[in-house]
Amino acid sequence: MKRIISFILTAALLMFTPSCATFETYSPDVPENPQFAAHFIDVGQADAALIECDGANMMIDGGNAEDSSLVASYLKRRAISHIDCVVCTHAHEDHVGGLSGVLSVADVDRVIAPKTPSDTKAYKNFVRKTEENGLKIETPAADDSFILGNALVEILGPLSEDTDELNNTSIVLKITYGSVSFLFTGDAEREEEESILESGADLKSTVLKVGHHGSGTSTSYPFLREVMPEISVISVGKDNYYDHPHENIVSRLKDAGSEVYRTDLNGDIVITSDGTNVSVSAEK
């Protein structure tokens with residue numbers, strides 16, 4: 001399955017800066033032979049995404065603890081032994097659990113996560129594996145940004161972690177590669193979406209990783225109107241207990257003109273880009 005969607009390159013971009021630099025603002029160039037791929041790995045009722053950009057790699061969540069081997073095998077099949085950045089969007093097991101596998105098989109430069117921890121075994125293993133790699137977990141702030149290969153990664157949320165709901169501590173980040181952009185929202189619910197909207201952040205994105213597995217508590221109308229994604233990806237398990245994704249969310253996305261892919265129906269989903277076009281391929 002291949003679909004090509006074209007966009008006009010409008011950004012005037014500046015000089016290239018080394019991958020995964022410290023939190024600063026840059027506008028990187030897209031090289032003559034661009035290589036960008038976002039892999040949405042089918043980890044069932046969980047989240048795991050691998051970003052490859054011009055030789056640099058980033059892992060965003062890793063599924064449940066039982067997905068550690070699956071995610072590690074995915075990296076090995078891609079011949080990836082070095083990860084520039086590991087991102088734990090928040091401390092729930094279905095996002096952090098499998099990152100222990102990533103930290104066991106790859107040489108990692110940096111690990112970022114919200115400041116709000118969890119007392120679960122999965123989160124403790126994540127912390128332990130981070131320390132075994134000689135690293136400390138970094139907590140980014142909204143408005144921080146860094147370079148991954150030739151892509152700009154911007155942290156849009158959370159603006160505050162003063163909440164009892166771990167979902168609303170989710171790191172929300174936007175990856176921009178040329179004129180194409182990808183928005184990753186973790187499990188952010190309406191409250192965090194509203195705070196990001198109020199911040200005035202630029203949410204317009206080509207691809208949306210739909211929040212909270214397509215739950216009705218996320219992807220509110222005001223938020224979706226700002227994002228207006230051409231493509232939406234829902235990471236979700238088949239016949240899951242929560243009845244995700246909710247029908248109203250899928251309808252909402254389609255009404256917004258977004259092409260919807262789901263890991264429960266499509267398996268692994270890979271979106272590649274040259275900075276102007278995107279191409280979607282699905283396992284099923």
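The values are calculated or read from the model by the stated rules, or taken from the named source; none is laboratory data. Keep in mind that what you see is a predicted model, and the values were worked out from it rather than measured. Don't worry about glycine lacking a Cβ; one is built from the backbone with ideal geometry, like all the others, and counts go over all protein chains shown.
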Legend entry - Failed criterion for Thr163 (all others in (1) outside any loop (DSSP other than H, G, I, E, B); (2) over 20 Å from Val86 (Cβ atoms) hold): (1)
Legend entry - Flag if Asp202 is among the acidic types (Asp, Glu), closer than 24 Å to Leu50 by Cα and either in a loop (DSSP other than H, G, I, E, B) or at pLDDT below 95 (or both): yes
Inset, instruction - With a cut-off of at least 1 residues that are of a type in the set (Val, Ile, Thr) and within 18 Å of the chain's Cα centre (by Cα), name the helices (runs of 4 or more DSSP H) lying wholly within the stretch 57-152. - result: 68-77, 93-96, 99-105
Legend entry - Number of the exception - Ser181 against (1) part of a helix (DSSP H, G or I); (2) within 14 Å of the chain's Cα centre (by Cα): (1)
Inset, instruction - For the stretch 241-249, state whether one or more residues are more than 23 Å from Asn277 (Cα to Cα), more than 20 Å from the chain's Cα centre (by Cα), in a loop (DSSP other than H, G, I, E, B) and of a type in the set (Ser, Thr, Tyr). - result: yes
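Against the condition farther than 30 Å from Glu191 by Cα and either touching a helix residue (DSSP H, G or I) at 6+ places or on another chain (Cβ under 9 Å) or buried (at least 24 other Cβ atoms within 10 Å of the Cβ) (or both), how does Gly101 come out, does it pass?
For Gly101, the condition - farther than 30 Å from Glu191 by Cα and either touching a helix residue (DSSP H, G or I) at 6+ places or on another chain (Cβ under 9 Å) or buried (at least 24 other Cβ atoms within 10 Å of the Cβ) (or both) - is met.
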Legend entry - Within the stretch 55-85, tally of residues that are of a type in the set (A, V, I, L, M, F, W, C), in contact (Cβ under 8 Å) with a residue 40 or more places away in the chain and within 16 Å of His39 (Cβ to Cβ): 5
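I want to confirm something. Restricting to the stretch 250-284 and keeping residues that are of a type in the set (Gly, Ala, Ser), part of a loop (DSSP other than H, G, I, E, B) and free of Cβ contacts under 8 Å to residues at least 40 places away in the same chain, which single residue is nearest to Gln35 (Cα to Cα)?
By that ranking, first place goes to Gly257.
The rows are residues; the columns are (1) surrounded by 22 or more Cβ atoms within 10 Å (Cβ to Cβ); (2) modelled with pLDDT under 95; (3) in contact with a strand residue (DSSP E or B) (Cβ under 7 Å, 6 or more places away or on another chain); (4) within 20 Å of Ala91 (Cα to Cα).
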position: Gly157; (1), (2), (3), (4): yes, no, yes, yes
position: Glu161; (1), (2), (3), (4): no, yes, no, yes
position: Thr185; (1), (2), (3), (4): yes, no, yes, yes
position: Glu191; (1), (2), (3), (4): no, no, no, yes
Legend entry - Among the candidates Asp255, Asp202, Asp239, Asp243, residue that is among the charged types (D, E, K, R), surrounded by fewer than 23 Cβ atoms within 10 Å (Cβ to Cβ) and touching a strand residue (DSSP E or B) at 6+ places or on another chain (Cβ under 9 Å): Asp202
Legend entry - Selection status of Val233, crowded, with 23+ Cβ neighbours inside 10 Å, in contact (Cβ under 8 Å) with a residue 24 or more places away in the chain and part of a strand (DSSP E or B): yes
